[in-house]
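I have placed the structure first, in the form of structure tokens, so that the comments after it can refer back to it.
The values are calculated or read from the model by the stated rules, or taken from the named source; none is laboratory data. Note that this is a predicted model, so its numbers are computed, not measured. Here Cβ is always computed from backbone atoms with ideal geometry, including for glycine, and neighbour counts include all displayed protein chains.
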Amino acid sequence: MAFAPRVFSGMQPTGNLHLGNYLGALTRWVEMQSTHDCIYCIVDLHAITASWQDPKELRQSIRDVAAAYIASGVDPKRTILFNQSQVAAHAELAWIFNCTARLGWLNRMTQFKEKAGKDRENASIGLYDYPVLMAADILVYRATHVPVGDDQKQHLELTRDIAQKFNSDYREQIAEAGYADGQFFPLCEPVIMGPATRVMSLRDGTKKMSKSDVSDLSRINMTDDHDTIAKKIQKAKTDMDGIPSEEAGLAGRPEADNLVGIYAALQNGSKATVLTEFGGAQFSTFKKALADLAVAKLTPVNAEMRRLSADPAEIDRILKNGAERAAAVAQPIISETKRLVGFG
Ligand code: AQP
């Protein structure tokens, strides 16, 4: 069966979205709306996996992330925008996939190892099972393309493994149901593109920019104002050399590479173009230009987020409408999955 192209992606409402989320994923999501049928989700079920979330703050965070999506250009009329917990089919399919995925596959997931750290025994089962739920999020819509940052590559490989094993475990039932090529779930493609698929911390160029980093100086939040953005860029770690003229000159210089990559992504260009413009400049000059560009790009998004957040009832209405539309797409797929498995 040739699957109709469909895009799915999501972010966790676990705090302020940052420049990594924006450049690594959100900008791609917005572009893909003009070429694909898109479903964008606020993955609140995932949000409670790493640590306990205050319910009041979680509810607020869901609205804030919805506002960030819309302010960045996600159009809730054209695209389905909703929060995961409101469509029960995600959790239902995750359970079936829990019985498809193998323990050995999950044991290899590096994000669990990083997030659980040394206190593994104390990590939630949800954190361990996170990639299986992620596979269900994607496949419950039979999505074919998943725009994400580079850190999600391994989870998407697991999604493909789960789809393949399900298709193989139930091959007879799938054939009987008339899927001639034996594919009930598609093998989705990760869409990891552009110069900022892995935006690094402003304090340490070897660490991913992340919501959970204890240092707020490590990231630019989408809610940061003009002065805060400028201050964080000015304080960003750099090395003793200036800006090189060619990409080879960024090798072994993670902080310089990161700042040049951020500039390129904000400009919708390439690192090579940035180096042509700034090669030979001091970091002080480059940082000033980078701060101006980041402010110019993020300030309008920030203002729109504030405008949307002033009307939480409207955000709730958009999410409810999105959840109804998402459930309508997921329902026949989960029903057919259950039939294939032998339920009902
Ligand atoms: N630093 C990054 N560079 C590029 N892309 C990134 N993404 C996250 N960080 C970067 C992409 O953003 C999407 C949503 O991520 P998420 O919020 O669901 O979870 P995450 O990847 O765990 O993000 P964080 O900031 O690292 O959150 P915490 O600290 O809570 O774990 C994904 O497409 C991701 O690739």
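Do the conditions hold for S61, that is, is it assigned to a helix (DSSP H, G or I), among the polar types (S, T, N, Q), at pLDDT 95 or above and more than 17 Å from A136 (Cβ to Cβ)?
Answer is yes for this residue.
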All positions within the range 1-30 that are more than 13 Å from the ligand (Cβ to nearest atom) and at pLDDT 95 or above: P5, R6, V30
Residue, farthest from the ligand (Cβ to nearest atom), within the range 211-231, restricted to residues that are of a type outside the set (D, E) and surrounded by fewer than 18 Cβ atoms within 10 Å (Cβ to Cβ): H226
Long-range neighbours under 6 Å by Cβ, at least six apart or interchain, first residue closer than 13 Å to V260 by Cβ within the range 185-199, second assigned to a loop (DSSP other than H, G, I, E, B) and near the ligand (Cβ under 6 Å from one of its atoms): V199/M209
Hits in the range 296-314 - residues which are in contact with an Asp or Glu (Cβ under 9 Å, 6 or more places away or on another chain) and of a type in the set (A, V, I, L, M, F, W, C): L298, M305, L308
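Does R78 count as part of a helix (DSSP H, G or I), away from the ligand (no atom under 16 Å from the Cβ) and surrounded by fewer than 19 Cβ atoms within 10 Å (Cβ to Cβ)?
Against the criterion (part of a helix (DSSP H, G or I), away from the ligand (no atom under 16 Å from the Cβ) and surrounded by fewer than 19 Cβ atoms within 10 Å (Cβ to Cβ)), R78 does not qualify.
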Residues located in the range 199-210, provided they are within 7 Å of the ligand (Cβ to nearest atom) and polar (S, T, N, Q): S210
Subset of the range 335-344 [modelled with pLDDT of 95 or more and over 16 Å from Y179 (Cα atoms)]: G342, F343
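Do any helices (runs of 4 or more DSSP H) entirely within the range 88-198 hold 3 or more residues that are under 16 Å from the mean Cα position of the chain (by Cα), away from the ligand (no atom under 16 Å from the Cβ) and more than 29 Å from L266 (Cβ to Cβ), and if so, which? Give the derivation first.
Numbers: elements: 89-98, 103-107, 110-116, 125-139, 153-169, 171-176.
No helices (runs of 4 or more DSSP H) qualify here.
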Extreme residue, farthest from L298 (Cα to Cα), among residues of the range 177-193 that are touching a Leu at 6+ places or on another chain (Cβ under 9 Å) and surrounded by fewer than 17 Cβ atoms within 10 Å (Cβ to Cβ): A177
Odd one out for T35, checked against (1) closer than 24 Å to D150 by Cβ; (2) more than 16 Å from the chain's Cα centre (by Cα); (3) crowded, with 22+ Cβ neighbours inside 10 Å: (3)
Every residue from the range 12-32 that is crowded, with 23+ Cβ neighbours inside 10 Å, aliphatic (A, V, I, L, M) and touching a strand residue (DSSP E or B) at 6+ places or on another chain (Cβ under 9 Å): L17, L19, A25, L26
